[in-house]
1. Could you work out the relative contact order of the chain, using alpha carbon pairs under 8 angstrom and six or more residues apart, expressed as a whole percent?
2. What's the whole-number percent of alpha carbon pairs in the chain lying beyond 31 angstrom?
3. Which value, in Å², gives the accessible area per residue of the chain when a 1.4 Å probe is used on the protein heavy atoms?
4. In sequence order, what are the phi-derived ³J(HN,Hα) couplings for the range 42-53 according to the Karplus relation 6.51 cos²θ - 1.76 cosθ + 1.60 with θ = phi - 60°, rounded to whole Hz, with x for glycine and proline?
5. Compute the angle between helix 73-99 and the longest alpha-carbon principal axis of the chain, please, reported from 0 to 90 degrees and rounded to the nearest 10.
6. Report the charge-dipole magnitude of the chain in Debye, nearest 20, computed about the Cα centre from +1 at each Lys and Arg Cβ and -1 at each Asp and Glu Cβ.
7. For the Cα atoms of the chain, what angle does the longest principal axis make with the long axis of helix 7-22, in degrees from 0 to 90, nearest 10?
8. Angle check, please: helix 109-121 long axis (alpha carbons) against the longest principal axis of the chain (alpha carbons), in degrees 0 to 90, nearest 10.
Amino acid sequence: MILDIPVAVYLAFLAATLLIAVVPGPDHVYLGAVALRDGRRAGTVAASGMAVSMTVHTLVAVTGLGALLTAAPAALVIIRLLGAAYLIHLGIGALRAADAAAAPAPASTGRNFWRAMVVNLTNPKIVIFFLAFLPQFVDADAGNPTLQLLAFGLSFVVIGFVVDVVYASLGGLLGRFLSGRGTKARVLSVISGCVYLALAALVLGTVVVDVVSGAVGR
């Protein structure tokens, strides 16, 4: 048998993963902002994009490329700065759309998908998390360790996707509620733009903290 992961170990992994996945984070805030502005379907599409990028993160961690990334702190900083710059771009775009004469048009399905992928892919801390979290559940007697890591990683992706869809649905419901109360689409676009910029500020803040702490630690 290629894999023989003990049921108790796998159930413990699923429980830990669910606990981690439901805690609100930047990705959830992003998905909520997308669904708030463009609706639940758009948020679900964005969640799909994040699921694909999480699969990429899993493959990076499993193949050992993640270890190379952790050995190159400068590369991690550059990737995170690119992610922050992209969020700023999205935020400014949303605010500009709100200032347009007509109500801002919803982003296309493909655009929502790729935007979410880029936002998630430029968060290399996910790979670092996988490198620290997944190996805790690997059993030397359960078969190929690489395949175990892959199985755990893909399970994490599936659970994360389900949770992300729930967050997107909540964002869509909030958007419908606000629209029903007379809130204009432009206002929702402004809110989304401010959320993107806030997320960018959060990323930049963590980069500064990590760089300073790294410099002090030398």
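1. Working: 272 pairs, mean separation 95.2, N = 218.
Relative contact order for the chain comes out at 44 percent.
2. Details: 6451 of 23653 pairs.
Counting every Cα pair in the chain, those more than 31 Å apart make up 27 percent.
3. Numbers: 11270 Å² over 218 residues.
Each residue of the chain exposes 52 Å² on average to a 1.4 Å probe.
4. With coefficients 6.51, -1.76 and 1.60, one gets 4, x, 5, 4, 4, 4, 5, x, 5, 5, 5, 5 Hz.
5. It is inclined by approximately 20 degrees.
6. Values: 13 positive and 8 negative charges, 211 e Å.
Here the chain has a charge dipole of around 1020 debye.
7. So the inclination is approximately 20 degrees.
8. So the inclination is approximately 50 degrees.
The values are calculated or read from the model by the stated rules, or taken from the named source; none is laboratory data. These numbers were taken from a predicted model, which means no experiment stands behind them. Counting neighbours? That spans all protein chains shown, and the Cβs are built from the backbone with ideal geometry, glycine included. The accessibility values were calculated without ligands, DNA or RNA, using every heavy atom of the protein model including side chains. Shrake-Rupley method; radii C 1.70, N 1.55, O 1.52, S 1.80 Å.
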